[in-house]
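Trainee: Quick one: this structure, given as structure tokens, is what I'll be asking you about.
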């Protein structure tokens with residue numbers, strides 16, 4: 001047992017994580033990491049159990065999207081390799097997710113023994129994560145361990161990407177040297193002169209415009225610019241649409257809120273405002289196929305100002321080294337006191353939901369959710385209909401999703417991460433039946449870890465999003481009475497929903513309750529959301 005003055009890996013890592021506002025991690029233990037998890041626990045840093053390592057990874061990813069950093073802990077081989085998909089998701093969507101894996105001890109590796117969980121050689125898992133993370137380290141020498149931890153974490157914050165630490169189990173009790181220098185991260189480089197020229201160009205574009213729209217993306221949140229965006233929009237009177245990876249960076253129910261822009265998936269009145277604006281100010285949007293509606297976005301680049309994490313492009317003029325972190329605050333300041341001649345009409349209020357004995361469609365579920373939820377709730381949307389259909393909803397606070405990498409099964413375990421990161425809001429999951437069968441048991445982890453999620457399962461008898469592309473028996477899945485799972489878990493409530501009236505009643509009861517709720521909403525097998533229909537029409541027109 002080390003004394004309070006001595007530094008260990010667990011002590012140093014727990015301290016650094018708390019400095020990043022990370023107060024707990026997620027994971028599943030195994031013999032190679034047991035001792036380390038126990039050491040973290042003695043440092044006041046708990047690792048919350050999930051039902052599977054991938055679920056732990058998704059929970060930590062969602063935690064990071066709320067807090068700015070997240071950590072998942074696993075054992076070697078069978079645990080770490082299960083986390084590869086969750087780490088890939090974090091890489092693709094720019095999430096600083098730290099993977100901490102136990103490993104065989106350095107001394108155990110002498111004479112190259114065939115230890116359990118090993119694949120090929122002892123560094124195979126490390127090499128896998130070299131391709132999935134921006135920085136990695138094997139913590140194998142006492143004099144450099146603290147500096148290696150700091151290097152990996154600082155690089156993660158700088159790049160907004162995942163990182164990887166591997167802890168040999170015979171290093172857990174070792175006293176390590178203190179870091180040689182303070183940990184420091186860096187932001188993308190700024191060219192002050194280029195910034196001044198970019199601002200002059202952008203301000204003139206806005207002064208000449210009658211209409212303008214901000215299209216806000218994930219990097220606004222990743223770089224901590226949510227408040228700056230709000231100030232820019234409200235001071236200038238420019239309405240804001242968000243990308244599917246950034247729902248909540250601007251309040252969608254604000255008079256300047258336009259909801260989400262997702263190319264042809266979005267409602268026509270949103271598409272016309274975004275694509276028809278004299279100036280489209282794109283701020284931190286990851287320009288991917290899915291965030292642009294399978295590239296159905298029709299944006300005139302002569303009218304677009306594209307601000308990425310590192311550069312600003314106005315029409316066809318690019319100002320290099322003008323990063324987002326400097327550009328948004330500087331543009332707000334440049335427009336201070338400037339009266340722009342912009343017009344904007346707020347979106348109309350939504351119609352009330354009318355219960356009936358009719359069977360619900362996907363659009364009914366979206367409408368009912370929008371009516372029942374308020375600022376006490378946040379949303380987790382799984383890829384497919386759950387994600388696409390929600391473009392017709394203005395969310396009350398924020399919504400997170402695997403909206404680019406599009407890994408099915410993200411939303412349920414993500415509810416655990418969000419619920420722990422933001423305990424003032426109750427997570428509401430919208431997930432298809434196909435995705436739910438992949439990670440739905442993490443609902444039990446939510447209940448076990450005091451997160452009373454509301455989980456709405458869109459049961460359309462299989463992989464409904466794929467049926468319009470190509471249908472066949474490969475889209476059918478086993479039927480699951482998911483509303484009965486709370487009885488299996490021994491906690492929570494289940495609802496079997498077959499009519500609009502039952503949907504309204506179930507949502508009302510779920511919102512009023514303080515326990516895990518799972519709603520199984522029966523939907524037509526061939527039913528489609530309006531968003532998916534719009535996408536199909538656009539793709540057929542393009543073919």
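The values are calculated or read from the model by the stated rules, or taken from the named source; none is laboratory data. Quick caveat: nothing in here was measured; it's all calculated off a predicted structure. Using ideal geometry, Cβ is built from the backbone for each residue, glycine included, and neighbour counts are taken over all protein chains shown.
Trainee: Just to be sure, is residue 322 closer than 30 Å to residue 388 by Cα, touching a helix residue (DSSP H, G or I) at 6+ places or on another chain (Cβ under 7 Å) and in the same structural domain as residue 203 (by TED's automatic domain parsing)?
Mentor: On the way: closer than 30 Å to residue 388 by Cα: no; touching a helix residue (DSSP H, G or I) at 6+ places or on another chain (Cβ under 7 Å): yes; in the same structural domain as residue 203 (by TED's automatic domain parsing): yes.
So residue 322 fails the test.
Trainee: I've got another one for you. Among the residues of the stretch 203-225, are any surrounded by fewer than 18 Cβ atoms within 10 Å (Cβ to Cβ) and without any contact (Cβ under 8 Å) to a residue 24 or more places away in the chain?
Mentor: yes
Trainee: Looking at this structure, is residue 396 farther than 13 Å from residue 454 by Cα and not assigned by TED's automatic domain parsing to the domain that holds residue 516?
Mentor: Working: farther than 13 Å from residue 454 by Cα: yes; not assigned by TED's automatic domain parsing to the domain that holds residue 516: no.
It is false that residue 396 is farther than 13 Å from residue 454 by Cα and not assigned by TED's automatic domain parsing to the domain that holds residue 516.
Trainee: Which of (1) over 20 Å from residue 64 (Cα atoms); (2) part of a loop (DSSP other than H, G, I, E, B) is the odd one out, the single condition residue 456 does not satisfy?
Mentor: Among (1) over 20 Å from residue 64 (Cα atoms); (2) part of a loop (DSSP other than H, G, I, E, B), the lone unmet condition for residue 456 is (2).
Trainee: More than 22 Å from residue 161 (Cβ to Cβ) and outside any loop (DSSP other than H, G, I, E, B): does that describe residue 17? Lay out the reasoning, then the answer.
Mentor: Values: more than 22 Å from residue 161 (Cβ to Cβ): no; outside any loop (DSSP other than H, G, I, E, B): yes.
Spelling it out, it is not the case that residue 17 is more than 22 Å from residue 161 (Cβ to Cβ) and outside any loop (DSSP other than H, G, I, E, B).
Trainee: Still on this model: Can you name the residue in the stretch 10-30 that is more than 20 Å from residue 157 (Cα to Cα) and in contact with a strand residue (DSSP E or B) (Cβ under 8 Å, 6 or more places away or on another chain) and, of all such residues, is surrounded by the fewest Cβ atoms within 10 Å (Cβ to Cβ)?
Mentor: 29
Trainee: Quick one: which of 418, 412, 429 is crowded, with 24+ Cβ neighbours inside 10 Å, closer than 29 Å to residue 348 by Cα and either in the same structural domain as residue 266 (by TED's automatic domain parsing) or at pLDDT 95 or above (or both)?
Mentor: Values: 418 fails: closer than 29 Å to residue 348 by Cα; 412 fails: closer than 29 Å to residue 348 by Cα.
Selected residue: 429, the only one of 418, 412, 429 that is crowded, with 24+ Cβ neighbours inside 10 Å, closer than 29 Å to residue 348 by Cα and either in the same structural domain as residue 266 (by TED's automatic domain parsing) or at pLDDT 95 or above (or both).
Trainee: Let me ask another. Could you run through the stretch 503-533 and say how many residues are over 23 Å from residue 384 (Cβ atoms) and without any contact (Cβ under 8 Å) to a residue 60 or more places away in the chain? Explain how you work it out, then say what you get.
Mentor: Within the stretch 503-533, the subset over 23 Å from residue 384 (Cβ atoms) is 504-505, 508-509, 511-515.
Cutting the leftovers down to without any contact (Cβ under 8 Å) to a residue 60 or more places away in the chain gives us 509, 512.
Of the residues in that region, 2 qualify.
Trainee: Check every one of the strands (runs of 3 or more DSSP E) wholly within the stretch 46-123 and list those with 1 or more residues that are touching a strand residue (DSSP E or B) at 6+ places or on another chain (Cβ under 9 Å) and surrounded by fewer than 18 Cβ atoms within 10 Å (Cβ to Cβ). Write out each step before concluding.
Mentor: Numbers: elements: 46-49, 70-74, 97-103.
Fully inside the stretch 46-123 and qualifying: 46-49.
Residue by residue, here is whether (1) out of contact with any helix residue (DSSP H, G or I) (no Cβ under 6 Å at 6 or more places or on another chain); (2) within 24 Å of residue 227 (Cα to Cα); (3) crowded, with 20+ Cβ neighbours inside 10 Å holds:
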residue: 300; (1), (2), (3): yes, no, no
residue: 307; (1), (2), (3): no, yes, yes
residue: 362; (1), (2), (3): no, no, yes
residue: 366; (1), (2), (3): no, no, yes
residue: 382; (1), (2), (3): no, no, yes
residue: 395; (1), (2), (3): yes, yes, yes
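Trainee: How many residues does the stretch 124-142 hold that are surrounded by 15 or more Cβ atoms within 10 Å (Cβ to Cβ) and outside any helix (DSSP H, G or I)?
Mentor: The qualifying residues number 10.
Trainee: If I filter the stretch 471-484 for residues that are at negative phi, touching a residue at least 60 places away in the same chain (Cβ under 8 Å) and outside the structural domain of residue 27 (by TED's automatic domain parsing), do I get at least one hit?
Mentor: No, there is no match, as no residue in the stretch 471-484 is at negative phi, touching a residue at least 60 places away in the same chain (Cβ under 8 Å) and outside the structural domain of residue 27 (by TED's automatic domain parsing).
Trainee: At pLDDT 95 or above and surrounded by fewer than 20 Cβ atoms within 10 Å (Cβ to Cβ) - does that describe any residue in the stretch 451-461?
Mentor: Taking every residue of the stretch 451-461 in turn, at least one turns out to be at pLDDT 95 or above and surrounded by fewer than 20 Cβ atoms within 10 Å (Cβ to Cβ).
Trainee: Restricting attention to the stretch 11-39, which residues are touching a helix residue (DSSP H, G or I) at 6+ places or on another chain (Cβ under 7 Å) and more than 24 Å from residue 416 (Cα to Cα)? Spell out how you get there, then give the answer.
Mentor: From the stretch 11-39, those touching a helix residue (DSSP H, G or I) at 6+ places or on another chain (Cβ under 7 Å) are 12-14, 16, 21-22, 24-29, 32, 35-36, 39; that's our starting set.
12, 32, 35, listed by residue number.
So that you can scan it fast, the table gives a plain yes or no per residue for (1) farther than 22 Å from residue 26 by Cβ; (2) in a strand (DSSP E or B); (3) outside the structural domain of residue 526 (by TED's automatic domain parsing):
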position	(1), (2), (3)
451	no, no, no
461	yes, no, no
464	yes, no, no
467	yes, no, no
487	yes, no, no
496	yes, yes, no
502	yes, no, no
511	yes, no, no
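Trainee: Filter the stretch 185-210 down to the residues that are in contact with a helix residue (DSSP H, G or I) (Cβ under 6 Å, 6 or more places away or on another chain) and part of a loop (DSSP other than H, G, I, E, B) and list them by number.
Mentor: Hits for the stretch 185-210 are 185, 186, 187, 190.
Trainee: Quick one: which residue in 169, 127, 94, 67 is without any contact (Cβ under 8 Å) to a residue 12 or more places away in the chain and either under 30 Å from residue 408 (Cβ atoms) or in contact with a helix residue (DSSP H, G or I) (Cβ under 7 Å, 6 or more places away or on another chain) (or both)? Let's see the steps before the verdict.
Mentor: Values: 169 fails: without any contact (Cβ under 8 Å) to a residue 12 or more places away in the chain; 94 fails: without any contact (Cβ under 8 Å) to a residue 12 or more places away in the chain; 67 fails: without any contact (Cβ under 8 Å) to a residue 12 or more places away in the chain.
One residue alone meets the criteria, 127.
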